[in-house]
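See below for the structure under consideration.
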Amino acid sequence: MTYAERDSGPATRPDAAPEAAARRDWAWRRLTTPIGPLLLAATRVGLVQVVFHADEGTARGATARLEQIFGGPPVDGLPHLTTATTELTAYFAGELRSFTVPLDWSLSSGFPARVLQALADGVPHGSVVGYQDLADRVGEPGAARAVGAAMGSNPLPVVVPCHRVVASDGGIGGFGGGLETKRLLLALEGVLPAPLF
């Protein structure tokens, strides 16, 4: 099933242009947060991407990629974008522990998608999980390193909480948003002490 069929039903003409068949509505905005600006992108299905450190240049690059993926420029007024903004604002204010915004998993597939879905469904606010434990949860006990790679490919950080995945030696492990960002998120959730300044 193509993205267009999933979003708006099957194409009515068999000779429809390929680019028309691939077109999906999407929207984006930047959100100022204690960990820096985030770029949020959503489709009619749900929140599809969160990008760290979304300054002007990063936002320009991310939106250009999304335009290619979704077959056209953004539109206005998608409700999942509003929901994501409201929920992330509440999360950073310490008022939200669990996200309810629907997620669009179309930017992830295969093993990474399985791991990320297990993470989203099974590692709640205020807890952490090891790379090996997450590999075990998806039935791939030899794939702890692949779990690390899946975390690095996460298109929905913070909402799909890859910051909650830590090293088995007690260290906090790596993080695509930077280790300081990971520390701040874990402190916000009470896993680590808050920074003194």
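The values are calculated or read from the model by the stated rules, or taken from the named source; none is laboratory data. Given the structure is predicted, the values throughout are model-derived calculations rather than measurements. Virtual Cβ from ideal backbone geometry, glycine too; neighbours counted across all protein chains shown. Areas reflect the complete protein model, heavy atoms only, side chains present, ligands, DNA and RNA absent. Shrake-Rupley method; radii C 1.70, N 1.55, O 1.52, S 1.80 Å.
Only Lys, Arg, Asp and Glu carry charge here, each on its Cβ (+1 for the first two, -1 for the last two); on that basis the chain has a dipole of about 60 debye about its Cα centre. The relative contact order of the range 112-174 comes to 41 percent, based on Cα pairs under 8 Å that sit 6 or more residues apart.
If you rank SER109, SER168 by how much accessible surface each has, with a 1.4 Å probe, what is the order from largest down?
Largest accessible area first, the list is SER168, SER109.
Placing a label point 7 Å from the Cα of THR82 along the Cα-to-Cβ direction, the residues of the range 30-47 whose backbone N falls under 18 Å of that point are 30-31, 40-47. Taking the protein heavy atoms of the chain in the context of the full set of protein chains, the accessible area attributed to carbon and sulfur is 55 percent at 1.4 Å. Distance between the pseudo-spin-label points of THR89 and GLU140 (7 Å out from Cα toward the beta carbon): 3.8 nm.
Shown are PHE70, PHE99, whose ranking by accessible area with a 1.4 Å probe and every protein chain present, most to least, is PHE99, PHE70. Charged neighbours of ARG97, selected by a Cβ distance under 14 Å, balance to -2 (K, R count +1; D, E count -1).
Antiparallel DSSP bridges in the chain: what percent, to the nearest 5? Close to 75 percent.
In nm, what is the difference between 0.36 nm times the number of residues separating GLN132 and ALA187 and their Cα-Cα distance? Mind showing how you got there, number by number?
Working: separation 55, 0.36 × 55 = 19.80 nm, distance 2.28 nm.
Computed gain between GLN132 and ALA187 is 17.5 nm.
Compared with the alpha-carbon gap, the fully stretched path from ALA149 to SER98 is longer by 15.9 nm at 0.36 nm per residue.
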